[in-house]
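Written out below as structure tokens is the structure these notes cover.
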There are 2 protein chains.
Amino acid sequence: MTVRRIEVRERVMARNDELAAQVRARLAARGVTAINLMSSPGAGKTTLLERTLAELGEPLDMAVVAGDVQTQNDADRLAVHTGRLVQAIVTGGACHLDALQVNDALDHIDLDRTRLLIIENVGNLVCPASWDLGERHRVVLFTVTEGEDKPLKYPKMFEKADWVVLTKTDLLPYLPFDVDRAMRYCRQVNPRLQFLQVSAMKGDGMDAWFEFLRRAAAPSAGA
Amino acid sequence: MTVRRIEVRERVMARNDELAAQVRARLAARGVTAINLMSSPGAGKTTLLERTLAELGEPLDMAVVAGDVQTQNDADRLAVHTGRLVQAIVTGGACHLDALQVNDALDHIDLDRTRLLIIENVGNLVCPASWDLGERHRVVLFTVTEGEDKPLKYPKMFEKADWVVLTKTDLLPYLPFDVDRAMRYCRQVNPRLQFLQVSAMKGDGMDAWFEFLRRAAAPSAGA
């Protein structure tokens with residue numbers, strides 16, 4: 001039983017990796033940079049994207065794929081803020097997006113008119129870490145309302161990421177959260193991690209986030 | 001491929017349900033009430049349990065099973081606060097506890113000296129909802145730093161729960177979180193849900209939480 005289960009899982013993962021490579025090639029051919037945005041539920045992915053679409057939607061020719069377990073709430077929230085395309089994926093209970101879903105979503109996006117694609121994954125610090133979506137960057141939002149030890153407790157998510165964005169920093173004065181310790185734990189799991197700190201609600205740190213996205217979307221970034 | 005995957009999953013779930021029934025019978029035979037405590041990562045399960053062990057560990061003959069993906073951090077944190085048994089389960093990457101793991105953990109617990117068993121699940125609002133652990137109550141912690149729409153976005157977790165504990169209520173003055181709307185969304189998904197509001201950090205609402213546990217652990221509660 002367990003052997004069969006592992007065998008099926010390995011075949012499913014291998015198939016996902018093939019499809020992710022196809023997505024990556026498809027995006028590279030059109031000069032599109034994709035970012036896989038992951039976090040716990042309620043860490044602020046959608047609020048960050050609302051502000052990002054308002055600032056960079058047009059200048060960076062953004063498109064968004066918003067994954068959710070059962071609703072299109074996030075896609076609907078985002079669509080209010082932009083004329084840019086927001087494509088919803090409802091996973092129907094599944095705990096992560098996969099490359100097949102992203103590949104299908106790309107059929108609805110005009111890639112020739114897109115430079116930056118942000119994929120908002122399902123809110124979950126475990127499962128999405130194992131699924132390559134064909135992205136160039138993996139960004140984990142780590143909210144300061146969570147404990148500092150999240151990287152140690154959910155290491156795969158942080159091992160596989162290249163950027164960590166600490167969110168809701170406006171709440172720091174009311175929390176025992178130690179930013180230095182949190183970053184130390186992140187680096188313990190993955191020394192290559194780079195960091196940003198933002199409050200999407202108050203605006204703090206958003207310029208650095210926008211600058212990261214501008215650089216990520218620049219034609220030379222993928223070379 | 002997909003058919004095979006679903007078939008394997010159904011057999012795994014059916015086996016889990018059998019084992020959960022065994023766990024339930026085993027606990028009932030010893031008069032132990034089990035509570036499956038679930039939430040997003042960082043919603044405050046461990047902090048709530050620290051305070052709970054300090055107050056009720058001895059009076060309610062508590063034991064705790066603490067599930068984590070890769071570390072024993074939570075079990076270690078809890079063990080500091082109590083002479084009661086804290087049994088760690090490391091899932092080795094899996095995104096939820098299952099009934100087999102709980103059944104195995106019970107071998108390490110003196111059930112004749114236990115009245116209340118709290119099972120701290122992996123921090124995840126998706127996967128743990130599907131896995132019966134043999135518990136009597138399912139309690140979801142819903143932190144006020146998350147958005148009000150979490151019940152709509154992760155409905156299975158709230159459908160299968162009987163209690164919702166709003167946590168970190170001391171942060172409400174600094175957040176746009178609307179408690180009434182959050183509770184309305186909870187009831188929309190599951191009209192039978194009952195509610196508590198706590199700040200484990202500041203102590204607000206903890207008496208009602210303790211009272212819920214005292215009643216849950218009373219011999220008549222399982223009749």
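The values are calculated or read from the model by the stated rules, or taken from the named source; none is laboratory data. These figures come from a predicted structure and were not determined experimentally. Virtual Cβ from ideal backbone geometry, glycine too; neighbours counted across all protein chains shown.
Looking across B:V140, B:V102, one residue alone is assigned to a helix (DSSP H, G or I), more than 8 Å from chain A (Cβ to nearest Cβ) and either surrounded by 24 or more Cβ atoms within 10 Å (Cβ to Cβ) or touching a residue at least 40 places away in the same chain (Cβ under 8 Å) (or both). It is B:V102.
Taking (1) facing chain A (nearest Cβ under 10 Å); (2) crowded, with 19+ Cβ neighbours inside 10 Å; (3) not in a loop (DSSP other than H, G, I, E, B); (4) not small (G, A, S) in turn, B:I118 satisfies each apart from (1). Scanning region B:143-173 for residues that are buried (at least 24 other Cβ atoms within 10 Å of the Cβ), more than 10 Å from chain A (Cβ to nearest Cβ) and closer than 18 Å to A:T71 by Cα yields B:P151, B:F158. When region A:174-188 is filtered for residues that are part of a helix (DSSP H, G or I) and within 10 Å of another protein chain (Cβ to nearest Cβ), only A:Y174 remains. Here A:L152 meets the list (1) part of a strand (DSSP E or B); (2) touching a Phe, Trp or Tyr at 6+ places or on another chain (Cβ under 6 Å) almost entirely, failing just condition (1). The residue that is modelled with the lowest pLDDT, counting only those in region B:85-139 that are more than 14 Å from the chain's Cα centre (by Cα) and among the basic types (K, R), is B:R113.
Condition first: within 11 Å of another protein chain (Cβ to nearest Cβ), within 22 Å of B:V198 (Cα to Cα) and touching a Ser or Thr at 6+ places or on another chain (Cβ under 6 Å). Now tell me which residues in region B:45-79 satisfy that. B:K45, B:D74, B:R77 - these are the residues of region B:45-79 that are within 11 Å of another protein chain (Cβ to nearest Cβ), within 22 Å of B:V198 (Cα to Cα) and touching a Ser or Thr at 6+ places or on another chain (Cβ under 6 Å). Only a single criterion out of (1) surrounded by fewer than 18 Cβ atoms within 10 Å (Cβ to Cβ); (2) touching a residue at least 24 places away in the same chain (Cβ under 8 Å); (3) closer than 30 Å to B:A29 by Cα; (4) in contact with a helix residue (DSSP H, G or I) (Cβ under 8 Å, 6 or more places away or on another chain) is not satisfied by B:F212, namely (4).
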